[in-house]
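S.K.: Below is the structure I would like to discuss, written out as structure tokens.
All of the numbers you see were taken from the coordinates with simple rules; none came from a lab. These figures come from a predicted structure and were not determined experimentally. FYI the Cβ positions are ideal-geometry reconstructions off the backbone, even for glycines, and counts take in every protein chain you see.
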Amino acid sequence: MAVREPLVSIVTPSFNQARYLETTIRSVLGQDYPRLEYLIVDGGSTDGSVEIIRRYAPHLAWWVSEPDQGQADGINKGLRRAQGEIVAWLNSDDVYAPGAVRAAVEAFQKHPEAGLVFGDALSIDASGRAFHTLKAGPWGLEDLMTFHMLTQPAVFMRRTVAAEVGFLDEDFHFLLDHRLWLKIAARAEMVYVPAVWAFARYHAEAKNAAHAAEFGAEALRLAAWLATDPAFGQAYRRLKRPVWAAAHRFRARYLLDAEHYPAALGGYLRALAWHPPTALQEAHRMVFALLGTAGLGKPLRRWYYRRAWGGTPLEAQALGITNADAFWAS
């Protein structure tokens with residue numbers, strides 16, 4: 001007897017990302033999974049995005065273009081309208097890998113206890129060039145509490161569980177996804193599939209680049225929330241020092257990326273004070289922060305990125321991917 005194929009709902013929040021939007025849309029509609037519901041929630045774009053959405057409207061279950069209260073509000077609008085047993089969102093500058101949806105469905109079918117399944121991703125730049133592998137692992141709740149970060153476009157959720165926890169918290173703007181994963185993981189199992197499911201795009205306008213220094217404040221808010229929410233009480237009492245060390249380390253990393261070297265160094269020192277083993281997982285970044293504070297940040301940064309990202313990584317070559325936009329246009 002054939003296994004019933006569940007409906008999968010994908011939501012794309014969009015706002016003035018016309019440059020990337022069509023590639024995103026095509027990566028969803030090009031999936032080889034037959035029971036797919038696609039919803040686009042545009043926040044009132046003025047850059048030609050609406051014209052792109054209209055071209056694909058016959059293939060969409062629903063779309064809207066209207067002002068919203070931010071990314072979480074837009075995503076929630078789509079998730080609450082979605083009918084699928086499995087749901088996910090794909091931002092308008094990210095891309096699904098071929099077969100990602102089917103692989104996620106198969107993972108849920110093998111693990112009926114799972115509330116969330118996730119895979120790996122490749123980082124791509126504005127032109128679609130792959131430059132880094134975002135590899136996860138067989139993580140659970142305690143890993144999330146110590147800021148092991150899932151790559152959002154490579155995550156799929158069971159809708160009933162996501163609805164039970166209230167979807168996204170709209171007062172979070174940067175770590176809204178991680179807060180949701182934590183709430184789901186407190187209720188249900190997480191399942192990791194070691195395969196590339198998505199391409200996460202990094203460019204100057206992306207939140208992780210444009211607001212790098214603001215991510216850290218939400219990491220500290222999350223740590224404070226973990227300390228007070230009863231759902232995490234037992235685990236938090238055991239992990240209190242690593243949790244706070246990881247939050248300060250996470251904040252320091254983003255400050256370092258934003259070239260706020262003295263503040264980044266201070267964050268790493270706070271992480272060391274809370275839990276040295278957790279802080280020292282990024283000892284090399286501490287050195288960068290120290291040297292940057294001494295005025296050597298820019299030349300060191302140029303050297304590092306030439307050495308680390310000078311070519312397409314071997315993982316991308318193995319997948320035959322050197323330019324994701326050209327890949328999807330083929």
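S.K.: Between the range 96-114 and the range 260-284, what is the separation of their alpha carbon centroids in Å?
M.R.: Between the Cα centre of the range 96-114 and that of the range 260-284, the gap is 37 Å.
S.K.: Taking 7 Å along the Cα-to-C-beta vector as the label spot, tell me the L29-V64 distance in nanometres, rounded to one decimal.
M.R.: About 2.2 nm separates the two model spin labels.
S.K.: Right, next: For the range 151-168, in order, what is each residue's ³J(HN,Hα) by Karplus, 6.51 cos²θ - 1.76 cosθ + 1.60 with θ = phi - 60°, in whole Hz (x at glycine and Pro)?
M.R.: Listing the rounded values in order: 7, 3, x, 9, 10, 10, 10, 7, 4, 4, 6, 4, 5, 4, 8, x, 6, 8 Hz.
S.K.: Projected onto the charge dipole of the chain (+1 at Lys/Arg Cβ, -1 at Asp/Glu Cβ, origin at the Cα centre), which of G295, T146, Q109 gives the Cα projection farthest towards the positive end?
M.R.: Comparing the listed Cα positions along the dipole, G295 ranks first.
S.K.: In deg cm²/dmol and to the nearest 500, what is the mean residue ellipticity at 222 nm of the chain if only DSSP H runs of at least 4 residues count, each as -39500 (n - 2.57), divided by the residue total?
M.R.: Dividing the helical sum by the residues of the chain leaves -14000 deg cm²/dmol.
S.K.: Separate question: Taking the Cα centre of the chain as origin and charging only Cβ (+1 Lys, Arg; -1 Asp, Glu), how large is the dipole, in debye to the nearest 20?
M.R.: Charge dipole, the chain, about its Cα centre: 940 debye, nearest 20.
S.K.: Beyond 24 Å, how much of the Cα-Cα pair distribution for the chain remains, as a whole percent?
M.R.: More than 24 Å apart: 56 percent of the Cα pairs in the chain.
S.K.: Okay, moving on. Considering the options A198, Y38, A235, tell which one lies farthest towards the positive end of the dipole of the chain, charges being +1 on Lys and Arg and -1 on Asp and Glu at the Cβ, about the Cα centre.
M.R.: Checked the options; the winner is A235.
S.K.: Let me ask another. One quarter of the convex hull surface, Cα atoms only: what value does that give for the range 1-145 in nm²?
M.R.: The directionally averaged projection comes out at 10.1 nm².
S.K.: OK, next. Tell me which residues come under 5 Å, amide H to amide H, from V95 once H is placed; ignore anything under 5 positions away on its chain.
M.R.: F199, R201
S.K.: Among L39, L122, L220, which one shows the biggest mean-square fluctuation in a GNM of the chain, springs joining Cα atoms closer than 10 Å?
M.R.: Comparing L39, L122, L220 in the GNM, the peak value goes to L220.
S.K.: Which residue fluctuates most in the GNM of the chain (Cα springs below 10 Å): T12, T24, T160?
M.R.: T160
S.K.: To continue, here is another question. If amide hydrogens are placed 1.01 Å from N in the peptide plane, which non-local residues have theirs closer than 5 Å to the one on E37?
M.R.: Distant-sequence amide H within range of E37: V8, S9, I10.
S.K.: Continuing with this model, one more query. Considering only DSSP beta bridges whose two residues both sit in the chain, what percent are antiparallel, to the nearest 5?
M.R.: That works out to approximately 30 percent antiparallel.
S.K.: Give, as a single signed number, the net charge of other residues whose beta carbon lies under 10 Å from the beta carbon of I53, with Lys and Arg counted +1 and Asp and Glu -1.
M.R.: Neighbour charge sum, excluding I53 itself: -1.
S.K.: Write down the radius of gyration of the range 41-122 and its Dmax, each obtained from C-alpha positions, in Å.
M.R.: Rg, Dmax (Cα atoms, Å): 14.7, 43.
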